[in-house]
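Structure first, commentary second.
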Amino acid sequence: PLADEYSNYAADIAQAGEHLLSLLDDLADLEVIEDENFTTAPDEIDLADVARRAGGILALRAKERSIELLLPGGRSSLPAVAEFRRALQILLNLIGNAIRYTPPGTRVKIDLRKRGDWAFLSVADDGEGIAPEHQKLVFEKFERLGRQGQGGTGLGLYISRRLARAMGGDLTLESQPGEGARFTLKLP
């Protein structure tokens, strides 16, 4: 048996270790995507499946914050051309951010749509939204919009947009203060 104070201390150490590992992963990704020879390995994927997998990975974090994750149903499908691992990385970042920055007791919704030759996946939250003057900044390197103590390196959205563009798509933001944020991944 382990005393509560030691158990809590061990949990703090584990959390700090996870944060440092995340920082190292972000810095390694940054180095890779900024290489002039960086390419992805596109394949036919199902964005609905990628969204369900990302949601499954983050379900416990959402539950701990009393946030309802609204994922695409089991029969829905949205074909796209992208590298599965990189698409999953983008969605983990988008959904993870939405869970982190939306108030407890709200929801994060993932929507799918197809328009012409493009597949769109949106992650929308019920958070405070992002002011118009800050919207372009969220995709900049190391930008955290002045947030302190909430984890993160300020690289996630920068890396995600670079990955989306490397796969022939894009990552955009729509938001109004007080009305949450909607990040949309566009892929061929």
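Some observations on this one:
- In region 38-66, residue nearest to Tyr101 (Cα to Cα) [restricted to those that are part of a loop (DSSP other than H, G, I, E, B) and not aliphatic (A, V, I, L, M)]: Arg65
- Selection count where residues are assigned to a helix (DSSP H, G or I), touching a strand residue (DSSP E or B) at 6+ places or on another chain (Cβ under 9 Å) and either touching a residue at least 60 places away in the same chain (Cβ under 8 Å) or crowded, with 16+ Cβ neighbours inside 10 Å (or both), scope region 163-188: 2
- Residue check, Gly129 in contact (Cβ under 8 Å) with a residue 40 or more places away in the chain, more than 15 Å from Ile159 (Cα to Cα) and open to solvent by 10 Å² or more (accessible area, probe 1.4 Å): yes
The values are calculated or read from the model by the stated rules, or taken from the named source; none is laboratory data. Because the structure is predicted, anything quoted here is derived from the model rather than measured. Don't worry about glycine lacking a Cβ; one is built from the backbone with ideal geometry, like all the others, and counts go over all protein chains shown. Side chains included, ligands, DNA and RNA excluded: accessible areas come from the protein's heavy atoms. Shrake-Rupley method; radii C 1.70, N 1.55, O 1.52, S 1.80 Å.
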